[in-house]
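Report on one structure; see the data block that follows.
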Amino acid sequence: MSRRSDRTRQTAEAAAAARCTVTVCRGCCCGVPAKNPRLDHEAQLDDLRTALAGVAAVRRTDCLDACEQANVIVVQPSAEGRRAGGRPVWLGLVNDRDAAADITAWVAAGGPGLAEPPAVLDLYAFRPSRRVRAELESE
């Protein structure tokens, strides 16, 4: 691999680390119309990606093993947010456009460690088991 390719990859990795990461569960229960039939699951993911383009990395993942909270979104802090004390925030039952818009606004303002989340997100926040948290952090 050339030096230019290495530098390009390193620059891209550094830029990604500088941003929040929004992980959207789309496993066995999240993103399944049978469980949440009134939500267009693909549109929710597309809306998050569009609204956060250039602001945060948005990734789809398989089951986060918090099925009772479907649909689950985890907001991981940027490197700066982590240095400021921010930790991943797990949000469940994100089954309407308003909740996704509140998440988007918070992440655009800096996310965990850098911006206070809208108070309404307290209704969605939950704490998964240590095992589940550890699996996400190891990815």
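Summary of computed values
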{"read-out": "Residues of the stretch 26-59 that turn out to be crowded, with 17+ Cβ neighbours inside 10 Å and under 12 Å from N71 (Cβ atoms), as a count", "value": "11"}
{"read-out": "Some residue of the stretch 109-129 being surrounded by fewer than 18 Cβ atoms within 10 Å (Cβ to Cβ) and at pLDDT below 90", "value": "yes"}
{"read-out": "Pairs with Cβ under 8 Å, 6+ apart, first in the stretch 57-79 and without any contact (Cβ under 8 Å) to a residue 60 or more places away in the chain and more than 17 Å from G113 (Cβ to Cβ), second in a helix (DSSP H, G or I) and polar (S, T, N, Q)", "value": "N71/Q44"}
{"read-out": "Qualifying positions in the stretch 123-139 - more than 15 Å from the chain's Cα centre (by Cα) and part of a loop (DSSP other than H, G, I, E, B)", "value": "S129"}
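The values are calculated or read from the model by the stated rules, or taken from the named source; none is laboratory data. A quick note: this is a predicted structure, and the numbers were derived from the prediction, not measured. In this analysis, Cβ positions are derived from the backbone assuming ideal geometry, glycine residues included, and neighbour counts consider all displayed protein chains.
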